[in-house]
Amino acid sequence: MEIVHRDGFRVVGVKYRGKNQKDEIPRLWEEKFFTRLGELRQIVEPGVFYGVIGNYDPRTGAFDYLAGAEVDADAPVPHGLADWVVPEGDYAVFPTTLPEIRRTMDYIHREWLPQSGYRHTGGPEFEYYGTDFMDGERMSVYVPVEGSGE
């Protein structure tokens, strides 16, 4: 884990609200996002993708999730797709893999955050899938934090 500063950026893709039951998020990527990827314009880094997560409701367990790619600030949003601006800030970065992502998220929220000295800013978290992402390997979870870590 490391703390990094990231400039704000904009992601356009397919939005979902739910609890990821029955592997809804993996299906969102496969069946909805990648079939529409060719419609995106002004992609900042081809082959790099983001899963943006936020608006968690602790009462129901539901959250918003956007499977997408970073685009220029003025890029159009194709009909039926959505965008999400991820704000500039400090992020705790946790390397993980797809098979380990649920365990990583549990660790972040149940163990690391309460003991770290950092506070979640309330902004969106995101999964980063770089160009070296292959077969569920080498991805990272970014969590917006503030504080000194002491």
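The values are calculated or read from the model by the stated rules, or taken from the named source; none is laboratory data. Note that the structure is predicted; figures quoted are calculated from it, not measured. Reconstructed Cβ throughout: ideal geometry from the backbone, glycine too, with neighbour counts over all protein chains shown. When the accessible area is computed, the model is the full protein with side chains, heavy atoms only, and any ligands, DNA or RNA have been set aside. Shrake-Rupley method; radii C 1.70, N 1.55, O 1.52, S 1.80 Å.
Over the chain, average the accessible area per residue using a 1.4 Å probe and give it in Å², no decimals. Before the final figure, lay out each step's value.
Details: 8510 Å² over 150 residues.
On a per-residue basis, the chain sits at 57 Å².
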GNM, the chain, Cα, under 10 Å: largest mean-square fluctuation among VAL86, VAL44, VAL11?
VAL44
Given [x] 113; [y] 122; [z] 191 as possible values of volume of the Cα convex hull per residue in Å³, the one from the coordinates is [x]
Can you list the aspartates and glutamates whose alpha carbon sits under 13 Å from that of LYS19, skipping same-chain ones fewer than 8 residues off?
ASP57, ASP64
Using a Gaussian network for the chain with springs between C-alpha atoms less than 10 Å apart, which of these wobbles most: GLU125, GLU70, GLU111?
GLU111
Considering only protein heavy atoms and a 1.4 Å probe, what is the carbon-and-sulfur percentage of the accessible area of the chain?
48 percent
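At 0.36 nm per residue, minus the direct Cα-Cα distance, what do VAL48 and THR35 gain on full extension? Give it in nm, one decimal, please.
Numbers: separation 13, 0.36 × 13 = 4.68 nm, distance 1.58 nm.
Taking VAL48 through THR35 to full extension adds about 3.1 nm, to one decimal.
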SASA check, SER140, accessible area w/ 1.4 Å probe, all protein chains in place, rounded to nearest 10 Å², comes out at 20 Å²
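Per DSSP helix of 4 or more residues, -39500 (n - 2.57); summed, then divided by the residues of the chain. What does that give at 222 nm, rounded to the nearest 500? Could the numbers behind the result be given before it?
Details: 3 runs with 15 residues, N = 150.
Mean residue ellipticity, 222 nm, calculated: -2000 deg cm²/dmol.
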Here, trypsin sites (Lys or Arg not before Pro) of segment 6-107 satisfying both criteria (DSSP loop; at most 15 other Cβ within 10 Å) are LYS19, ARG41, ARG59
